[in-house]
Amino acid sequence: MAKIIDPYGAELPEDYAKVIKDFGLEEFKVDDFPEPNRLMRRGIVFAGRDLKIISKCIKEKKPFYVLSGIMPTNDKIHFGNKQVVENIRYFQDHGAKAYILVADLEAAAARGVSLEEGKRRALEFHIPAYLALGLDPKKTVFYFQSENKEVVHLAYGFAKKITLNEFRAIYGNADPGRIMSAVTQVGDILYPQLEERRPGIIPVGIDQDPHIRLTRDIVDRTKDKKFFRPSGLYHKYTPSLDGSLKMSKSKPESCIVLPEDVKSAQKKLKRALTGGRETVEIQKKMGGEPEKCMVFEMHKQHLIEDDKELQDIYKKCKSGTLLCGECKDIACSKMERFMQDFEKGIEKARKQVDKLNFVKFA
Ligand code: SF4
């Protein structure tokens, strides 16, 4: 299957083709995965590591796992988290057992969030938010890093397998906090294999690749333990509404968080960078440039599920029959529906939290 629309590709400020080459990644091949999700079909999932083994597990119905972490540093998440949850759900629907860890130890070490506060935030907000975004609770195991001694034991064992220089080469620096956090993440990534040695996939933004590389290196050095090297799945960033590479809370006027007050999110969408022309007349004559438009990017990545509907907007924009005001109104009404559904979903999910499958530790 060809990618439906990938208007960004090489035109993004960061050239993702170069990222694939520089990081030694594989290009994501949508044909290798049955019933690809929206992010896969549209080229937003763009790369990975060892993807074939996961595609084989799916096709041959062999066991594998998918894992992700929640960092309970505050009571908001972002569109990158939404992309991760959507990819976890894809793998759950295709045979994976999911593991969600709450990185409360890391939140305490890096941001001074007490373990009690981290736990409260995870139970009252993050886990319900993940469920509201589509995580399948019946196929998910949850745990808190601080309670999981097996992860800590793995991390201590792995710490002996890497030198400071190697660590610097992967992370750029080697301060003690970073080392502790990284080896703990290696423990988390491999923890599901204590139950059963099997392949696993970690869906992340590309900035998280160092953890996957470190884990894979450590697996290579502990061959006697017979762990599978984890596979990685990488998605492009949701760009900032001002057109820069990544939506970030450091630019609040161009960043929509989850949840956000609907009016505030709509105001930001209305001010977003578009691919509109200088005047309405020129746009009607020449058409717009959805390839450069952040409103279109929101439609493509998050707001429009139906491929035909997205292509219709693309074509109408290109032909000048859809103007930016109307297009932003469409985005605003879809955002309103999304935020309302998300908040309702969180409320509903809060009632399910005590029935979830948390790993119990002695
Ligand atoms: Fe962007 Fe829509 Fe304007 Fe086209 S019509 S440039 S997609 S806001």
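The values are calculated or read from the model by the stated rules, or taken from the named source; none is laboratory data. Not measured: the values here are computed from a predicted model. Cβ placement follows ideal geometry from the backbone for every residue including glycine, while neighbour counts extend to all protein chains displayed. Side chains included, ligands, DNA and RNA excluded: accessible areas come from the protein's heavy atoms. Shrake-Rupley method; radii C 1.70, N 1.55, O 1.52, S 1.80 Å.
Residues being among the basic types (K, R) and under 23 Å from V186 (Cβ atoms) are entirely absent from region 55-76. Among the residues making up region 259-276, those that are buried (at least 18 other Cβ atoms within 10 Å of the Cβ) and either free of Cβ contacts under 8 Å to residues at least 12 places away in the same chain or of a type in the set (A, V, I, L, M) (or both) are A265, L269, A272.
Cβ-Cβ contacts under 6 Å between residues 6 or more apart (or on different chains), taken from a first residue in region 112-123 that is more than 14 Å from M71 (Cβ to Cβ) to a second residue that is surrounded by fewer than 18 Cβ atoms within 10 Å (Cβ to Cβ), are listed as L123/V353.
Given the structure, is L67 open to solvent by less than 40 Å² (accessible area, probe 1.4 Å), over 24 Å from R229 (Cα atoms) and either modelled with pLDDT under 95 or outside the structural domain of K308 (by TED's automatic domain parsing) (or both)?
no
Output the number of the condition that G9 fails; it satisfies all remaining conditions of (1) at pLDDT 90 or above; (2) at positive phi. Exception for G9: condition (1).
Cβ separations smaller than 8 Å between residues 6+ apart or across chains give the following pairs from region 288-305 residues that are among the small types (G, A, S) to residues that are more than 7 Å from the ligand (Cβ to nearest atom): G288/R277; G288/K318; G288/G320. For region 256-275, the criterion of being at pLDDT 95 or above and in contact with a Pro (Cβ under 7 Å, 6 or more places away or on another chain) is met by at least one residue. Selection of helices (runs of 4 or more DSSP H) fully inside region 176-231 by the criterion of at least 3 residues being among the charged types (D, E, K, R) and open to solvent by 20 Å² or more (accessible area, probe 1.4 Å) returns 209-221. N87 passes every criterion in (1) touching a Pro at 6+ places or on another chain (Cβ under 9 Å); (2) more than 22 Å from P192 (Cα to Cα); (3) at pLDDT 95 or above apart from (2).
Would it be correct to say that E336 is open to solvent by 40 Å² or more (accessible area, probe 1.4 Å), more than 9 Å from the ligand (Cβ to nearest atom), under 26 Å from H78 (Cβ atoms) and in a helix (DSSP H, G or I)?
Values: open to solvent by 40 Å² or more (accessible area, probe 1.4 Å): yes; more than 9 Å from the ligand (Cβ to nearest atom): yes; under 26 Å from H78 (Cβ atoms): yes; in a helix (DSSP H, G or I): yes.
In short, yes.
In the set (1) exposed (fewer than 13 other Cβ atoms within 10 Å of the Cβ); (2) under 22 Å from the mean Cα position of the chain (by Cα), the condition left unmet by K285 is number (2).
Regarding K251, is this residue within 27 Å of Q83 (Cα to Cα) and crowded, with 16+ Cβ neighbours inside 10 Å? Criteria not met by K251.
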